[in-house]
Amino acid sequence: MPTLTSPLDMRFRPVRLIRSLFMIVLILFVFLNLHVLMNFEPNNSDAYDRTLLYKLRHSNNLKAHVQTDRSQLQDLDGPENSSKVEVLILPNQYNQTFVSRHNIPEHNLTQIKLEIDRRNADQYVHNLQKYGLSLGPESVVIVVQVHDRANYLKILLDSLRKVKGIEKTLLIFSHDVFSEQLNSIVETIDFCPVMQIFFPVSAQLHPKEFPGEHPNDCPRNVKKDQALKIKCNNANHPDKYGHYREAKYCQTKHHWFWKLFHVFDQLTVMKNYTGLVLLLEEDYYVAPDVITILQMMNHLKKKDCKDCRMLTAGNYDKTQSYSINSGKVELGHWISSRHNMGMAFTRDLWKDIKKCTSVIL
């Protein structure tokens, strides 16, 4: 039997059509935003206030990283771009560093040297996928000189974790001992961008020759005439106090100078950086406001003491009157035995230090 259809059932339903179109537009909008977030890369010089933008790329393998290919670095200097930000790396999930653990035996010096050379060449910055990196004249980059005291290093890291603004800095560890234990401790850091560098001319790699201890090295306190009689190494060249080289102390000095050279002159990520570099050691402990205080001191220096070259975060005074002096800054001449705790300075001073290389080394 034929069925009669009323005109009401056959009429056009605009509400249902509009609802369907809205859902289609919404889905397209979501996919478009996901695409933009995954591939965003500013190409407008006004989009960010910066002079250097590190373009993030990822290769087809898992070791995607901003330093994987140095050709990806792009300078954006120009008269219209005289910005305050000197290094900018945006947080990006594809910029994650996957740590490759080789578990190298500490007696295998050949493998350790190869691993040190590889890591120094790679210049990996960890935690970029979480924090990115933005450095400028007001920033503070922290460089920690590490030997082999793991327990002290853990305490330092615990204090650094509590520092206000630590996530905005770059934390660099400079090692003169390659140790899986120390590497594991550094790899636990999740509160800021982190880099490791390794002193390549260490006593660990040269245990029975310079810069380590050679069997024929002159004893520290032997007199020069006696040293000449026994014909020990370097007998003609005691220091100005009449002492001969002690490998462990000389390494500390050589490591100190090398890390500055490597940080200021060799690291790609630091090539345009003009802000402060704070020098710490593994047995230090920092206050939560150390970055804030250094930035305040630096601002005061630029305003009221343009001839000041060095800032120090601590001193060796046995007693401290914090309640009286906590809001004060001491102005004076730098004395190495008093003002070498938590030194902070810029590239300008490093250029002058380099001129004294022959005296230092």
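The values are calculated or read from the model by the stated rules, or taken from the named source; none is laboratory data. As the structure is a computational prediction, the values presented were derived from the model and not from experiment. Don't worry about glycine lacking a Cβ; one is built from the backbone with ideal geometry, like all the others, and counts go over all protein chains shown.
Report the residue count in the range 193-205 for those that are crowded, with 17+ Cβ neighbours inside 10 Å and not in a strand (DSSP E or B).
Total satisfying the criteria: 6.
Yes or no: the range 128-148 includes at least one residue that is over 20 Å from LEU280 (Cα atoms) and either surrounded by fewer than 14 Cβ atoms within 10 Å (Cβ to Cβ) or aromatic (Phe, Trp, Tyr) (or both).
yes
Between ASP158, ASP225, ASP190, which is assigned to a helix (DSSP H, G or I), exposed (fewer than 14 other Cβ atoms within 10 Å of the Cβ), modelled with pLDDT of 95 or more and of a type outside the set (Gly, Ala, Ser)?
Sole residue among the options that is assigned to a helix (DSSP H, G or I), exposed (fewer than 14 other Cβ atoms within 10 Å of the Cβ), modelled with pLDDT of 95 or more and of a type outside the set (Gly, Ala, Ser): ASP158.
Taking the condition surrounded by 15 or more Cβ atoms within 10 Å (Cβ to Cβ), without any contact (Cβ under 8 Å) to a residue 12 or more places away in the chain and not β-branched (Val, Ile, Thr), does LYS301 pass?
Spelling it out, LYS301 is indeed surrounded by 15 or more Cβ atoms within 10 Å (Cβ to Cβ), without any contact (Cβ under 8 Å) to a residue 12 or more places away in the chain and not β-branched (Val, Ile, Thr).
Do we have ASP239 as in contact with a Lys or Arg (Cβ under 9 Å, 6 or more places away or on another chain) and surrounded by fewer than 18 Cβ atoms within 10 Å (Cβ to Cβ) here?
Spelling it out, ASP239 is indeed in contact with a Lys or Arg (Cβ under 9 Å, 6 or more places away or on another chain) and surrounded by fewer than 18 Cβ atoms within 10 Å (Cβ to Cβ).
Take the range 237-265 and flag every residue that is assigned to a loop (DSSP other than H, G, I, E, B) and in contact (Cβ under 8 Å) with a residue 40 or more places away in the chain.
Once the filter is applied, which keeps residues that are assigned to a loop (DSSP other than H, G, I, E, B) and in contact (Cβ under 8 Å) with a residue 40 or more places away in the chain, the range 237-265 yields nothing.
Restricting to the range 270-284, count the residues that are at pLDDT below 95 and not polar (S, T, N, Q).
1
With respect to the numbered conditions (1) assigned to a loop (DSSP other than H, G, I, E, B); (2) farther than 14 Å from TRP350 by Cβ, which one is the sole condition not fulfilled by THR292?
Every condition holds for THR292 apart from (1).
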